[in-house]
Amino acid sequence: MLHVLYVLHLCCIISLRYLIMKLWFDKRLSDPTYYVQIGVRNGKKVTSKNIAKIGKHSELLKQHPDPLAFARSEIKRMNEEKDLKKVQLIIDLEKRLQSCDMHVDDFFKNIMQERKATFDMSLINRTLTFDRILDPGSKLHSVQNLSKYYGSPSFDHQHVLRFMDIMEQHYDDYIAYLYQMSNKVIDRDTAICYYDCTNFYSEIEQADEDYIDKYTGERTAFP
């Protein structure tokens, strides 16, 4: 949860930082209509989009001696309010990050004490988590794109593979640790539990003749 909130924290900062409102009107018209406009990214292209109407020049003139100046002041006010909301959002998310810290780093520190590893397991775990949310791909893909992340984390593909081997050995311990620590930040009702059965399978040591095609040797049905 800490990792997910941290990614959301970064995404919100980036989104709000680039959400700058500007004034748009058709300068060719003698009686233009003033609009609030923002830039919207569509793939690799950025297009402009009107999100609000301030008013028509002739209508604003009835209440304001200089409609253009009024429109510009409205844009300035809206941008200032947006910046204030950005600060409030960042503060709120940072508080949640602090309160939801499940001390995952401590778990990996305890594991590393038993080994003479030269890589940071917590860093790899955190980076792979970010990558699964922001840019899903293979483990090699994650390593090849480390420079895109803040702080430029550094580790090799072999470190990721070694990390996965160690995690496999401590998988149950890791799940139990996350469960115990998350209980401190999540009100969890364990009276009802849901299980994902899609990953469960069973094996038998010899073929079931009732479900095997005698000519092809392939399974034709399931019990």
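The values are calculated or read from the model by the stated rules, or taken from the named source; none is laboratory data. It should be emphasised that the depicted structure is a prediction, and the values quoted were computed from it without experimental measurement. In this analysis, Cβ positions are derived from the backbone assuming ideal geometry, glycine residues included, and neighbour counts consider all displayed protein chains.
Taking first residues from segment 185-200 that are under 24 Å from Val104 (Cα atoms) and partners that are at pLDDT below 75, the Cβ contacts under 6 Å between residues at least 6 apart in sequence or on separate chains come to Val185/Cys100. Residue pairs whose Cβ atoms lie under 9 Å apart, sitting 6 or more positions apart in sequence or on different chains, and linking a residue in segment 128-152 that is in contact (Cβ under 8 Å) with a residue 24 or more places away in the chain to a partner that is in a loop (DSSP other than H, G, I, E, B) and of a type in the set (Ser, Thr, Tyr), are Phe130/Tyr149; Leu134/Tyr149.
Conditions (1) under 24 Å from the mean Cα position of the chain (by Cα); (2) crowded, with 16+ Cβ neighbours inside 10 Å; (3) modelled with pLDDT under 90, marked per residue:
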residue	(1), (2), (3)
Tyr6	yes, yes, yes
His9	yes, yes, yes
Ile13	yes, no, yes
Met21	no, yes, yes
Phe25	no, yes, no
Arg28	no, no, no
Thr33	no, yes, no
Lys45	yes, no, yes
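Quick check, is Pro153 buried (at least 16 other Cβ atoms within 10 Å of the Cβ) and assigned to a loop (DSSP other than H, G, I, E, B)? When the stated conditions are applied, Pro153 passes them. Taken over segment 130-145, residues that are part of a helix (DSSP H, G or I) and modelled with pLDDT under 85 amount to 5.
To keep it simple, each residue is scored yes or no on (1) of a type outside the set (Ser, Thr, Tyr); (2) touching a helix residue (DSSP H, G or I) at 6+ places or on another chain (Cβ under 9 Å); (3) farther than 23 Å from Ala117 by Cα.
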residue	(1), (2), (3)
Lys148	yes, yes, yes
Phe155	yes, yes, no
Phe163	yes, yes, no
Asp173	yes, yes, no
Tyr179	no, no, yes
Ser182	no, no, yes
Asp187	yes, no, yes
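Pairs are defined by a Cβ separation below 7 Å, a sequence spacing of at least 6 or placement on different chains, a first member in segment 54-71 that is within 17 Å of Gln37 (Cβ to Cβ), and a second member that is assigned to a strand (DSSP E or B) and aromatic (Phe, Trp, Tyr); the pairs so defined are Ile54/Tyr34; Ile54/Tyr35; Gly55/Tyr34; Ala71/Tyr34.
Among the residues of segment 130-177, which ones are acidic (Asp, Glu) and closer than 20 Å to Val104 by Cα? Outline the logic, then answer.
Taking segment 130-177 first, the residues acidic (Asp, Glu) are 131, 135, 156, 165, 168, 172-173.
Result: Asp131, Asp165, Glu168, Asp172, Asp173.
Given the criteria more than 23 Å from the chain's Cα centre (by Cα), modelled with pLDDT under 85 and either closer than 30 Å to His159 by Cα or loosely packed, with under 13 Cβ neighbours inside 10 Å (or both), does Gln113 qualify? When the stated conditions are applied, Gln113 passes them.
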